[in-house]
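Heads up, the thing below is written out as structure tokens.
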Amino acid sequence: MLKFGDIFRWKEKEYVFLAASSEILYAALILDQSDSMNLTRLYEKRISSNRGESLIQTLYIFVTLSTPEFKDRIAHLHKTQHDLLPGIEVVSVSLSVKDKLEIKKEILNPKSSLPSELKKQINLIDIT
């Protein structure tokens, strides 16, 4: 059984498990190194231009990971909602407490456009 912060693979991509309901699985895609650097650059450019606040609140919802196996890669929270995924491969790695706290903080940010059901479930999780 997956817990918040556990890593799994599906269709050759890595994800962070966030939460699940009977019909929906919430997960954050972990970008590879190259995509992580590109997203970081785009985000910094968008922030420095001081434009597109609504775009920043939807597209740029991410956490740069510090867990050694995923250091400097991004957990992207833009599209977290998935139908239940058949054939996922559980990886024997879970994110560090620091990364879990950062993801929880990002999800619960009042400005984020993430699903309210995800926010409710994450709010109940004790990470300590």
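The values are calculated or read from the model by the stated rules, or taken from the named source; none is laboratory data. Remember, it's a predicted structure, so these values are computed and weren't measured experimentally. We place every Cβ from the backbone using ideal geometry, glycine too, and count neighbours over all the protein chains shown.
Here is how the numbers come out for the structure above:
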| item | result |
| --- | --- |
| Some residue of the stretch 72-80 being over 16 Å from I61 (Cβ atoms), surrounded by 15 or more Cβ atoms within 10 Å (Cβ to Cβ) and polar (S, T, N, Q) | no |
| Selected residue (criterion: farthest from H82 (Cα to Cα)) from residues of the stretch 5-22 that are without any contact (Cβ under 8 Å) to a residue 40 or more places away in the chain and not in a strand (DSSP E or B) | E12 |
| L2 vs. criteria assigned to a strand (DSSP E or B), surrounded by 12 or more Cβ atoms within 10 Å (Cβ to Cβ) and out of contact with any helix residue (DSSP H, G or I) (no Cβ under 6 Å at 6 or more places or on another chain) | no |
| Any pair with Cβ under 6 angstrom, 6 or more apart, that starts in the stretch 23-46 at a residue that is part of a helix (DSSP H, G or I) and ends at one that is surrounded by 14 or more Cβ atoms within 10 Å (Cβ to Cβ) and of a type outside the set (A, V, I, L, M, F, W, C) | S36/R73; Y43/Y60 |
| Whichever residue in the stretch 87-108 is touching a residue at least 12 places away in the same chain (Cβ under 8 Å) and among the small types (G, A, S) and, among such residues, is farthest from F62 (Cα to Cα) | G87 |
| Matching residues in the stretch 81-106 - criterion: being touching a helix residue (DSSP H, G or I) at 6+ places or on another chain (Cβ under 6 Å) and modelled with pLDDT under 95 | V93 |
| Leading residue by the ranking (surrounded by the most Cβ atoms within 10 Å (Cβ to Cβ)) among those in the stretch 14-58 that are of a type outside the set (A, V, I, L, M), touching a strand residue (DSSP E or B) at 6+ places or on another chain (Cβ under 6 Å) and modelled with pLDDT of 85 or more | Y15 |
| Cβ-Cβ under 7 Å pairs, at least 6 apart or on other chains, the stretch 109-122 side within 13 Å of H78 (Cβ to Cβ), far side part of a helix (DSSP H, G or I) and among the charged types (D, E, K, R) | S112/E106 |
